[in-house]
């Protein structure tokens, strides 16, 4: 059973410190940075992620895209991210799977909880993503070198010393 995480993209950008600062310079760069973070998080966590961006005040048809193995959804004109998230929760809920929604919008949290999804606040997701980034960095800088799987590696120091003592007595 695959778990799903639906993320309110602009809600995260407005709540995460680094993205909030970046948004003031370039909203597009903040969106790209969020996508990078979430792509790493998806790969590390094993969850399937959908990121919904609100286009309520932007004319256009909206669309669904895949970038960095993430499902990106840009809402249609006059459609909020909340409406798209609620529709997506209903679609995904048809299967037997756990669905989480990341948003700090309190009303939306209550609505999706009533639909059977679980909520994660923007702050909670930031903590998870940050922890994953640290774990990834640790694995990159200190890769675990696979050792040989020998009998000797399974022994305690005490037993290893005893066997070495016996070996040298011959």
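The values are calculated or read from the model by the stated rules, or taken from the named source; none is laboratory data. Just so it is clear, the structure is predicted and the values come from calculations on it, not from any experiment. Note that each Cβ is placed from the backbone with ideal geometry, even for glycine, and that neighbours are counted across all protein chains shown.
Of note:
- Test: residue in the range 127-137 that is at pLDDT below 85, more than 19 Å from the chain's Cα centre (by Cα) and farther than 13 Å from residue 8 by Cα: no
- Meets criteria (modelled with pLDDT under 85, in a helix (DSSP H, G or I) and in contact with a strand residue (DSSP E or B) (Cβ under 7 Å, 6 or more places away or on another chain)) for residue 85: no
- Taken together, the residues in the range 6-37 that are outside any helix (DSSP H, G or I) and touching a helix residue (DSSP H, G or I) at 6+ places or on another chain (Cβ under 8 Å) amount to 4.
- Across the range 138-170, the qualifying residues are those that are closer than 30 Å to residue 40 by Cα and in a helix (DSSP H, G or I), and the one among them that is modelled with the lowest pLDDT is 139.
- Failed criterion for residue 73 (all others in (1) touching a residue at least 24 places away in the same chain (Cβ under 8 Å); (2) surrounded by 14 or more Cβ atoms within 10 Å (Cβ to Cβ) hold): (1)
- Residues in the range 94-112 that are surrounded by 16 or more Cβ atoms within 10 Å (Cβ to Cβ) and assigned to a loop (DSSP other than H, G, I, E, B): 103, 104, 105.
- Summed over the range 38-57, residues that are surrounded by fewer than 21 Cβ atoms within 10 Å (Cβ to Cβ), in a helix (DSSP H, G or I) and in contact (Cβ under 8 Å) with a residue 40 or more places away in the chain total 3.
- Residues considered: 21, 31. Of these, the only one that is surrounded by fewer than 19 Cβ atoms within 10 Å (Cβ to Cβ), within 24 Å of residue 123 (Cβ to Cβ) and modelled with pLDDT of 90 or more is 21.
- Breaking point among (1) surrounded by fewer than 14 Cβ atoms within 10 Å (Cβ to Cβ); (2) farther than 25 Å from residue 15 by Cβ, for residue 116: (2)
- Candidate set from the range 35-63 (those that are closer than 15 Å to residue 133 by Cβ and out of contact with any strand residue (DSSP E or B) (no Cβ under 9 Å at 6 or more places or on another chain)); member that is modelled with the lowest pLDDT: 44
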